[in-house]
Amino acid sequence: MKDIAPDSLKNVVVMGHTGSGKTSLVDAVLFKLGLNDRLGSVDKGSSAADYTDEERARKITIFAKPFSGVYTASSGRQTGLVLIDTPGYQDFFGQVIAASRAAETALITVSASAGVQVGTRSAWKCAAARGLARAMVVTGLDKDNTDFSRVVADIQAVFGKACVPVVLPRPGGGVIDVLGASDIPAELADRAAEIRNALTELAAETDDKLMEKFFEEGSLPAEELAAGLVRAVRDGGLVPIFACLPLRDAGITELLDGIARLAPSPLEREVRDAAGKPVATDASGFFVGLVWRTVNDPFVGQIVFVRVLGGTLASDSEIMNASRGEKERIGALLQVNGKKQDPVAAATPGDIVAIPKLKVTKVGDTLCATGHAAVLPPIVFPRPVMLQAVRAKTQADEDKIGTALARVAEEDPTLVVQRNTETREIVLAGLGDVHMDVAANLMKNRSGVDVIMETPKVPYRETVTATGEGHYKHKKQSGGRGQYGEVYLRVEPRRPDEEEWFIDAIVGGVIPGNFLPAIQKGLVDGMKSGAVAGYPVTDVKVTVYDGSYHEVDSSEIAFKIAGARAFKDGMSKARPVLLEPIMSVKVSIPEQYMGDINGDLNQRRGRILGMDNADGMQVITADVPQAELFRYAAELRSMTGGQGTFEMEFSRYEQVPSNVAQKIIAAAVKEKEEE
């Protein structure tokens, strides 16, 4: 940041449960920093933080966005502040994870009326996993039946006694900075003294000499107290709790003073690459930066957001994309504040800049100085939990749908595009129904492609449970050379420890060896469509043991056809069954929903495998058929009032119960008849 040294820079990612006042807080800070000429409002559609059409229409944050400004603290010292607003809605949690890689401090908002919620826990867990310094800010204290002390007790009960308030609400309005205020009302004096003592003790715990002095004297000099508190926040021994009323401009100055005083700078946090080697975080070292977000701008094209971790990045220069092993040419560097883009000549550690028109760079890539290869650990995004089949609404959009899907997936790596050759569908996977709906709107608004989203077809499989004998004689004579090939085979289940699925048991040369590859190809073709409902066949063993040939009319194509049809015959006699994909599921919910969710999983043909407690939530582990989970993300949210989340991954294929299989087979037959 221009005129601000890296040791005076603070990078803060703002997180919190949806509706906890996060964006209103960011708007108030932007107004205080002079980055907006009026106080923005989410409800009125004038928010400087939620400025995209999609965000204004939905009144929620969808995209993580950085804002950079300079704050002059009450002490007179100037501090550079990079504030990253992130979504609170769980469908967009990938944005939170990526933004956490661009900051040293997480500021977690907590609603005074709702207290600690699922999104609060998720934000805390994300920040802790990244080793970020943490602070919390209580919002909404102007609402009825709210109490700051009660929220603090709630926070401490969930996250521990390291969470200590550094401000107190002032009777009649406003807040008091416990560490800096000299005009503390008499009715708050005892509470303020108690907090100061707790903070002094936490500061002393960061250094043996300070602890010794604290025990001897009962207090610490101001400078040593300040240094100890900074270390405590950096190392996680202290999580300061602030209070703000953003719409009344109450507590904003105290919050910014606290960040300037307590939050670590980019130089105070150790950075290591994927190999564990330290990355020099000073401006004089080799440039290393992480791409944490990309945006497809309709006018400029792709813009990548880079957090500079070490060295200096200059405009009009050449760098290396170490993740892909290719060079990139840097034209302009932009400092982005909402819709405003200002060119900058260079960026140093802690800065976040946008670079337009890079050729190969994607989210999670490491950029570095040419000749200095350093690859940072990848950004690990959550697995998708909702799948939708996507098709173009009109024939004219068919040719453009691939490009439109690629653009939204490039911008948001938690969206995954899959082309299922079995079901002949394009499947879009994401984190929830709102996530998918936003993706569809972005495709329409940015690429001009209207899409229809439907429940995808389940990729069923077929197998056999017994042994069946198959036979087919392919004989065709229509003048000239004919076609002849006869195959006898045996179809049976293949055990997991058996590697070979094709057994040649021909003796006596009844089928010449040169025709066996053709028979095998025919079997492979036959396995593409089974005998139950036409789904691919898996886990079978085929033994070819007899047959016949004709010296003139036999050919590879004849034996290929004979092999495929003999397989169909043998499979139909080997008690074929339908298999369905089973997903391993972990559902996290508050305890009061345990009965409802257990009952619902049973209705979905799920098998409960275990129950546990993690991060204050009940965790149910279960195996559930994929067919029952396509809309589970939205349904779980509805059942739990937005408090439930889940993860899933493919586990195995398992036999479909006969009553369910009958419906699937009937639907498959009907579909074939319609075709």
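The values are calculated or read from the model by the stated rules, or taken from the named source; none is laboratory data. Since the model is a prediction, treat every value here as computed from it, not as a measurement. Because the Cβ atoms are built from the backbone with ideal geometry, glycine has one as well, and the counts that use them run over all protein chains shown.
One residue alone among P349, P356 is in contact with a strand residue (DSSP E or B) (Cβ under 9 Å, 6 or more places away or on another chain) and buried (at least 23 other Cβ atoms within 10 Å of the Cβ), and that residue is P349. Scanning the range 131-188 for residues that are β-branched (V, I, T) and under 37 Å from the mean Cα position of the chain (by Cα) gives V137, V138, T139, T146, V151, V152, I155, V158, V164, V166, V167, V175. Test K59 against the stated conditions and say whether it is surrounded by 24 or more Cβ atoms within 10 Å (Cβ to Cβ), touching a residue at least 12 places away in the same chain (Cβ under 8 Å) and farther than 18 Å from D7 by Cβ. It is false that K59 is surrounded by 24 or more Cβ atoms within 10 Å (Cβ to Cβ), touching a residue at least 12 places away in the same chain (Cβ under 8 Å) and farther than 18 Å from D7 by Cβ.
The residues of the range 283-294 that are touching a strand residue (DSSP E or B) at 6+ places or on another chain (Cβ under 7 Å) and surrounded by fewer than 18 Cβ atoms within 10 Å (Cβ to Cβ), listed by number, are G285, F286. Of everything listed in (1) surrounded by fewer than 23 Cβ atoms within 10 Å (Cβ to Cβ); (2) touching a Ser or Thr at 6+ places or on another chain (Cβ under 8 Å); (3) not in a helix (DSSP H, G or I), the single unmet condition for V137 is (1). Restrict the check to the range 577-584 and report whether at least one residue is at pLDDT 95 or above and more than 30 Å from E498 (Cβ to Cβ). No, there is no match, as no residue in the range 577-584 is at pLDDT 95 or above and more than 30 Å from E498 (Cβ to Cβ).
When each of M443, M453 is tested for being buried (at least 20 other Cβ atoms within 10 Å of the Cβ) and either out of contact with any His (no Cβ under 8 Å at 6 or more places or on another chain) or assigned to a loop (DSSP other than H, G, I, E, B) (or both), the lone residue that passes is M443.
Pick from E580, E551, E500: which is closer than 25 Å to A627 by Cα and among the acidic types (D, E)?
After applying the criteria, what remains is E580.
Are any residues in the range 1-29 assigned to a loop (DSSP other than H, G, I, E, B) and within 23 Å of G119 (Cβ to Cβ), and if so, which ones? Let's see the steps before the verdict.
The initial filter retains those residues of the range 1-29 that are assigned to a loop (DSSP other than H, G, I, E, B), namely 1-5, 17-21.
Answer for the range 1-29, where residues must be assigned to a loop (DSSP other than H, G, I, E, B) and within 23 Å of G119 (Cβ to Cβ): H17, T18, G19, S20, G21.
Looking at R391, R424, R407, R419, just one residue is outside the structural domain of F299 (by TED's automatic domain parsing), free of Cβ contacts under 8 Å to residues at least 12 places away in the same chain and in contact with a strand residue (DSSP E or B) (Cβ under 6 Å, 6 or more places away or on another chain), and that residue is R419. Say we look at the range 362-374 and pick out the residues that are modelled with pLDDT of 95 or more and β-branched (V, I, T); which of these is surrounded by the most Cβ atoms within 10 Å (Cβ to Cβ)? Per the criteria, the residue is T366. If the condition is being farther than 22 Å from T465 by Cα, surrounded by fewer than 22 Cβ atoms within 10 Å (Cβ to Cβ) and touching a residue at least 60 places away in the same chain (Cβ under 8 Å), then the range 530-553 contributes S548, Y549, H550, V552, D553. Among the residues making up the range 194-230, those that are over 16 Å from P240 (Cα atoms), in a helix (DSSP H, G or I) and without any contact (Cβ under 8 Å) to a residue 12 or more places away in the chain are D208, K209, M211, E212, K213, F215, E216, E217, A222, E223. The sole residue among A440, A404, A409, A429 that is aliphatic (A, V, I, L, M) and in contact with a Pro (Cβ under 6 Å, 6 or more places away or on another chain) is A429. Tell me, please, whether a residue that is closer than 28 Å to S265 by Cβ, at pLDDT 90 or above and within 25 Å of the chain's Cα centre (by Cα) can be found in the range 53-63. Yes: one or more hits.
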